[in-house]
Structures are given as structure tokens and as C-alpha cells.
Amino acid sequence: MDLELSDEQKLIVDTVRKFVRNEIVPLEADLDPDGSELDPADHDRLVAQVKKMGFYGLDIPVAYGGPDVDIVTRTLMAIEMAQHRAGLYTPCYGVFGGAGLAQLFEANEDQKQRYLYPTLRGEKHGFFGLTEPSGGSDPARAIKTSAVKDGDDWVINGGKIFISGADKADYGIVFARTDSSKGREGITCFLVDADAPGFHVRRVVHTLRSTSYATELQFDNLRVSAANVLGEVNRGFGIANDRLSRQRIPYAAGCIGVAVKAQEMAISYANQRETFGDILASRQAIQWMIVDNEIDIRTSTWLTLAAAHKANRNESFRTEAAMAKLVASEAGGRVVDRAMQIHGGYGMTKDLPLERWYREIRIRRVGEGPSEVQRLIMARDLLGGSFH
């Protein structure tokens with residue numbers, strides 16, 4: 001794996017870095033410390049800039065109008081895009097666009113006409129409905145939501161939890177069990193309209209993300225046309241699994257971006273703050289924290305880029321993606337924690353973004369599969385076999 005960036009990659013990284021620092025960060029001075037949205041006028045202005053740069057719709061394949069950016073370069077961009085207060089979960093406040101629900105690119109033409117193309121045009125918004133109250137770490141077995149065939153329809157009953165954006169969505173990608181005698185081979189993926197009878201948003205689930213939240217859903221005899229089966233009946237888990245593996249690379253990149261910025265802040269503060277007649281940077285305890293931060297950042301970066309390189313070559317990258325997600329999420333949390341300690345009392349205030357990152361990066365050790373599951377994935381690949 002060549003870790004040296006090409007001239008084109010260097011230019012792209014520098015362009016994104018300047019955009020974040022010159023356009024995004026200044027706007028945050030006037031936003032709520034936990035805010036996740038820009039003023040519409042600012043959002044539209046920045047979207048226009050991103051389109052002029054040629055980077056709008058990063059997650060959209062070239063065939064559907066997205067930019068020709070490989071996954072390695074996309075990972076490098078994701079690291080830069082996360083380096084602001086809201087950057088961990090709302091990188092650049094969404095001005096770079098993106099499809100979000102990558103599974104729709106595998107839909108049939110009728111489904112693309114009804115869901116994918118309106119989503120790309122910004123006319124519809126969707127959600128991803130996998131996790132259930134019965135468990136999220138083992139979705140193949142934890143899915144209790146059922147779908148029973150009734151004529152040309154499927155009737156869905158059950159519920160989902162920790163689903164982002166469902167209360168504002170027009171439709172969702174929902175996984176339900178269609179064969180109770182099978183595990184992962186008995187799950188089907190459905191395209192569900194949010195205005196259909198039987199679709200209910202039961203409640204908002206508040207988390208450490210403050211102004212952002214998840215939802216709990218309930219399906220009561222929700223009828224879905226057979227035309228809304230995404231993929232094949234009883235083959236839905238493969239769709240979910242592919243999404244989870246691919247998402248772990250940019251997920252890890254976001255953790256790295258926040259850690260990089262926290263380290264930058266810690267170094268700057270340590271070189272300015274004086275205690276007992278000298279700057280903090282002269283203290284061995286501070287020096288060691290800065291060094292440990294750098295080790296965590298570089299290790300995370302190398303592992304994440306290794307996963308991206310394998311994915312870019314169309315090689316199996318499941319172990320690498322799991323390792324990147326595991327290490328970056330845990331290391332990122334350590335870096336932010338040390339940066340807060342170096343800043344002392346100021347690190348605990350909302351004057352700085354550190355306390356928000358501290359709360360939000362804790363979620364990263366659970367989201368997209370908890371650390372324990374990532375270790376299980378790697379154990380399966382390294383040792384062979386399937387463990388329960």
C-alpha cells in the first residue's frame with residue numbers, strides 16, 4: 001500500500017481543508033454549540049461552491065451524476081470534512097451532498113423511478129431501518145419484525161429503534177423476517193412509504209448527541225406491495241451486511257478527522273498556556289499525552305487507508321474495515337479525552353468543540369457495530385468458522 005498521496009490527492013485535500021476552515025468554521029461561531037443545520041441561505045451558497053469545485057454528491061456513483069472520486073480519496077476528504085464542531089455526524093452540514101442510501105443503486109428500474117431518482121433530486125428523503133429493540137449487534141437473529149405474504153402484498157408487523165431521520169422521511173429501507181425457520185437467510189428488504197397506514201413513529205429517542213436524535217418505529221399490519229421488495233425475498237441480509245461493511249471506512253475517517261483537530265488544538269494550547277512559570281508543553285505529562293495522541297491518530301489513519309485501498313482494488317476488505325472502525329473510534333475517544341485534559345476547565349465548556357466531540361465520539365464505539373462485534377468479525381476471518 002502506497003501511503004504517499006498523489007499530486008491530485010494533495011490538491012483535493014488542501015482544497016477541502018481550506019473550505020472547512022474558511023467557510024464552515026466561521027459560520028459555527030453564530031450557531032448553537034449543538035446545532036446541526038446552517039441557515040438555508042448559507043447552505044445554498046456553500047452547495048453552489050461545492051458544485052463549482054466538482055465535489056457535489058460524493059456518495060453518488062459516476063453513472064448517476066456523482067463525481068469521479070475513488071474511495072481512497074473519498075476517505076482522505078472525509079477526514080478533512082469532519083474537522084469542525086458538528087463534523088462528526090454532520091460533516092460540512094451536508095453541503096457536499098450524497099445519496100446516503102446506497103442500496104437504492106441496486107434497485108430495479110421501477111424502484112429507481114419511484115425512490116432513487118427523487119432522492120437524488122432532493123425531492124424525497126429516506127431512512128435505514130435495521131436495528132430492533134431485541135438487539136442490534138446480531139441483526140440476522142435479532143430481527144423479530146415479520147412480513148407475511150398476503151396476495152400481491154406483504155403485511156409487516158413489528159418495530160425498529162435508533163433509526164435516524166425516520167420522522168422526517170418519505171420512505172425507508174426496512175428489514176423484516178419472511179421465513180422464521182431460517183436465520184440470515186430468512187430476511188427480506190422492503191421499501192416502505194412513511195405515509196402508509198400502519199407506519200408509526202412511536203417516539204423520539206434522545207442520546208448524547210443533544211439536538212440530534214433517533215426514533216422508535218412501530219409497524220401495525222403495514223401493507224407493502226410485492227413491487228417494493230428490494231432485491232430478492234429472503235436475501236435481504238446481504239444488502240444490510242454490504243452496507244455495514246462499506247460504511248465502516250468513512251465512519252472511521254470521521255473519527256480520525258475529529259482527533260486530528262483535537263490534537264491541533266491541544267498542541268496550540270500547550271504552547272501558549274503557562275503554569276508555574278513555564279508553558280504546558282514543557283511538562284513531560286503533557287508531552288506524553290501529545291505523543292500518545294499522535295500514535296493513535298497515525299495508527300487509525302494507516303488502518304483506515306489500508307481498508308480503503310483494498311476496497312478500491314475490489315478485494316475483500318471486511319477485516320480491514322472492522323479493524324479501522326474499531327481502532328479509529330476507540331483511539332479518537334482517547335485523543336479527545338486527552339485534549340480536554342490538556343485544556344483543563346476550558347475543555348469542559350461549550351466555548352470549545354471538545355465537549356461535543358467527547359459525547360458524540362462515545363456513540364461511535366457502538367454505531368455501525370460495537371467494538372466487540374468488530375473483534376468477532378476479525379476473529380471469524382482470522383480463525384475461520386462462525387462463532388456465536
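The values are calculated or read from the model by the stated rules, or taken from the named source; none is laboratory data. Predicted model, so just to flag it, every value in this text is computed and none were measured. Note that we place each Cβ from the backbone using ideal geometry, even for glycine, and neighbour counts take in every protein chain shown. When the accessible area is computed, the model is the full protein with side chains, heavy atoms only, and any ligands, DNA or RNA have been set aside. Shrake-Rupley method; radii C 1.70, N 1.55, O 1.52, S 1.80 Å.
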Quickly run through region 6-33 and pick out the residues that are part of a loop (DSSP other than H, G, I, E, B) and surrounded by 16 or more Cβ atoms within 10 Å (Cβ to Cβ).
L31, P33
With E232, E132 as the choices, which residue is surrounded by fewer than 19 Cβ atoms within 10 Å (Cβ to Cβ), of a type in the set (D, E) and modelled with pLDDT under 95?
E232
So for region 247-259 (the condition being open to solvent by 50 Å² or more (accessible area, probe 1.4 Å), more than 13 Å from A321 (Cβ to Cβ) and modelled with pLDDT of 95 or more), does at least one residue qualify?
no
Determine, yes or no, whether A240 is within 28 Å of A308 (Cβ to Cβ), in contact (Cβ under 8 Å) with a residue 12 or more places away in the chain and buried (at least 22 other Cβ atoms within 10 Å of the Cβ).
no
Does region 363-371 contain at least one residue that is within 24 Å of the chain's Cα centre (by Cα) and aliphatic (A, V, I, L, M)?
yes
Among the listed residues T304, T319, T299, which satisfies the condition of being touching a Leu at 6+ places or on another chain (Cβ under 9 Å), closer than 19 Å to S371 by Cβ, hydroxyl-bearing (S, T, Y) and in a helix (DSSP H, G or I)?
T319
Filter region 261-283 for residues that are aliphatic (A, V, I, L, M) and open to solvent by 40 Å² or more (accessible area, probe 1.4 Å); the one that is farthest from the chain's Cα centre (by Cα) is I279
Those residues of region 58-80 which are assigned to a loop (DSSP other than H, G, I, E, B), modelled with pLDDT of 90 or more and in contact with a Leu (Cβ under 9 Å, 6 or more places away or on another chain) amount to P67, V69
Hey, among T145, T119, T188, which residue is among the polar types (S, T, N, Q) and touching a residue at least 60 places away in the same chain (Cβ under 8 Å)?
T145
Is it the case that A240 is modelled with pLDDT under 95, in a strand (DSSP E or B) and within 24 Å of A102 (Cβ to Cβ)?
no
Among the candidates E264, E216, residue that is assigned to a strand (DSSP E or B) and either closer than 30 Å to G344 by Cα or touching a Lys or Arg at 6+ places or on another chain (Cβ under 6 Å) (or both):
E216
Matching residues, region 197-217, being exposed (fewer than 15 other Cβ atoms within 10 Å of the Cβ) and more than 26 Å from the chain's Cα centre (by Cα):
P197
Can you spot a residue in region 54-65 that is acidic (D, E), under 16 Å from A86 (Cα atoms) and surrounded by 14 or more Cβ atoms within 10 Å (Cβ to Cβ)?
no
Could you grab me the full set of residues in region 343-367 that are over 15 Å from I297 (Cβ atoms), hydrophobic (A, V, I, L, M, F, W, C) and modelled with pLDDT of 95 or more?
M348, L352, L354
Residue pairs meeting the criteria (Cβ under 7 Å; at least 6 apart or on separate chains; first within 28 Å of M323 (Cα to Cα), in region 278-298; second β-branched (V, I, T)):
M289/I342; I290/I267; N293/V335; D296/V335; I297/I256; I297/V260; I297/V335
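To keep it simple, each residue is scored yes or no on (1) under 30 Å from P353 (Cβ atoms); (2) surrounded by 19 or more Cβ atoms within 10 Å (Cβ to Cβ); (3) aliphatic (A, V, I, L, M).
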| residue | (1), (2), (3) |
| --- | --- |
| Y89 | yes, no, no |
| G94 | yes, no, no |
| L104 | no, yes, yes |
| K112 | no, no, no |
| P118 | no, no, no |
| K124 | no, no, no |
| I143 | no, yes, yes |
Of the listed residues (D150, D193, D179), the one being modelled with pLDDT of 90 or more, open to solvent by 20 Å² or more (accessible area, probe 1.4 Å) and touching a Phe, Trp or Tyr at 6+ places or on another chain (Cβ under 9 Å) is D193
Checking D351, D337 in turn, the sole residue that is acidic (D, E), open to solvent by 20 Å² or more (accessible area, probe 1.4 Å) and in a helix (DSSP H, G or I) turns out to be D337
Mind checking which residues of region 186-213 are in a loop (DSSP other than H, G, I, E, B), closer than 30 Å to T90 by Cα and not acidic (D, E)?
A194, A196, T207, L208, R209, S210, T211, S212
Take the residues in region 302-326 that are over 21 Å from L376 (Cβ atoms) and buried (at least 19 other Cβ atoms within 10 Å of the Cβ); name whichever of them is farthest from the chain's Cα centre (by Cα).
H309
